[in-house]
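*Asks:* Mind having a look at this structure? Questions to follow.
Each reported figure results from applying straightforward, stated rules to the coordinates on display, with no laboratory input. Please read these numbers as outputs of a predicted model, since none were measured by experiment. Backbone-built Cβ (ideal geometry, glycine too); neighbour counts: all protein chains shown.
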Amino acid sequence: MSDQQHYQQYGGQPYDGQQFDDRQYQQQAYGDQAYGEQQAYGEQSFAEPQHPQQYDGQQFAGQQRGFDEPQQQYGGGAPEAAPQYGRSSRMSESSLRVVWVYPDLLSTYGDRGNALVVERRAQQRGLGVQRIDVRSDQSVPTSGDIYLIGGGEDRPQRLAAERLRNDGGLVRAAENGAIIFSVCAGFQILGHEFINDLGEREAGLGLLDVWTTRGEGARCVGDVLAEVNPQLSLPQLTGFENHQGITHLGEGVKPLATVQVGRGNGTGDGTEGAWRDTVFGTYLHGPVMARNPAVADLLIKLALDVNALPPADTTWYDALRTERIASAARPA
Ligand code: GLN
């Protein structure tokens with residue numbers, strides 16, 4: 001899809017390169033329509049009192065001060081003999097703060113679903129959730145619990161990287177120990193560098209010790225099945241990939257998974273994604289959380305600083321997994 005089609009599909013005005021860098025254009029193109037959709041979806045599907053909240057820099061700044069000091073609030077999270085569900089060393093007292101970074105630039109293949117599934121899995125456990133969608137003309141709050149950043153086409157990816165570098169909020173959140181889950185373009189942006197739409201090396205945020213080059217061959221496109229690093233105790237991953245970038249892992253990260261079907265990082269060594277502490281990257285869309293709710297549960301466990309969560313129904317997730325795993329495993 002061309003950039004123009006992308007923006008038209010997103011509900012924006014026809015893309016015009018000159019207009020694009022103008023913040024006013026951003027607001028016109030994405031403001032009301034996109035956020036109207038999110039509210040409707042949240043309320044209808046989950047009927048929860050906390051619907052996705054549109055981030056308002058001013059309003060948030062006030063709340064941010066207290067929330068920025070989790071160490072004081074929670075006593076530094078010193079581990080106790082048996083972690084108890086509901087006692088948290090990371091999370092805000094009242095609710096889990098889920099920050100979706102740049103839905104206006106980075107949201108391909110239903111990556112919005114990742115935010116919805118994290119919200120839903122938390123609510124299924126009786127947790128309050130505050131979802132904060134941060135557009136690219138807003139600053140990224142530093143006090144979230146879980147940050148989600150999705151995939152994107154090459155030009156929006158460059159703009160997102162520029163803005164995230166200038167803003168600095170996501171890096172500060174990572175320094176505070178936030179949980180960050182990134183998909184595809186988002187994954188590439190978290191690394192040291194990637195090749196942008198102009199064919200130039202573009203600096204990333206350096207939150208993951210990875211760097212991305214441009215593949216010379218065919219794009220990596222199709223269904224993926226992957227076995228997750230056993231340390232993470234997650235079931236097989238299912239997802240969909242579509243990328244030209246090839247991501248190389250440094251010593252500061254571990255591969256998230258090993259592919260059985262598909263290309264993953266595209267390096268030919270079978271690795272898929274990367275991970276260090278509470279920062280994750282994957283090439284899997286789908287959205288990945290809808291196909292792998294255990295990943296959403298992992299992020300929630302990290303936020304709560306617990307080893308287990310109460311069971312929650314997975315009927316529909318299981319049906320989707322069974323269908324996609326069978327489809328990917330079938331010889332073409
Ligand atoms: N633009 C990047 C690439 O092609 C990422 C694509 C994506 O996020 N789906 O490698």
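*Asks:* Once phi is turned into ³J(HN,Hα) by the Karplus curve 6.51 cos²θ - 1.76 cosθ + 1.60 with θ = phi - 60°, what whole-Hz value does each residue of segment 211-225 show in order, with x for glycine and proline?
*Replies:* Values per residue, Gly and Pro as x: 9, 10, 9, 9, x, 7, x, 5, 4, 7, 9, x, 6, 10, 10 Hz.
*Asks:* Another question about this same structure. For labels at residue 227 and residue 172 in the simple 7 Å Cα→Cβ model, what's the distance in nm?
*Replies:* For residue 227 paired with residue 172, the spin-label model returns 4.3 nm.
*Asks:* Quick one: putting +1 on the C-beta of Lys and Arg, -1 on the C-beta of Asp and Glu, what dipole do you get for segment 152-214 around its Cα centre, in Debye to the nearest 20?
*Replies:* 60
*Asks:* Once the Cβ-Cβ distance between residue 313 and residue 258 is put in as r, and R0 is 35 Å, what FRET efficiency do you end up with, to the nearest 0.05?
*Replies:* About 0.75, to the nearest 0.05.
*Asks:* Let me ask something else about it. What's the percent breakdown of Cα-Cα distances in segment 149-260 across 5 Å bins, shortest bin first?
*Replies:* All Cα pairs, binned at 5 Å, distribute as 2, 11, 20, 25, 21, 13, 7, 1 percent.
*Asks:* Please work out the Cα center distance from segment 128-205 to segment 305-332, rounded to the nearest Å.
*Replies:* The distance from the Cα centre of segment 128-205 to that of segment 305-332 comes to 27 Å.
*Asks:* Rg and Dmax of segment 203-332 over Cα atoms: what are they, in angstrom?
*Replies:* 14.9, 46
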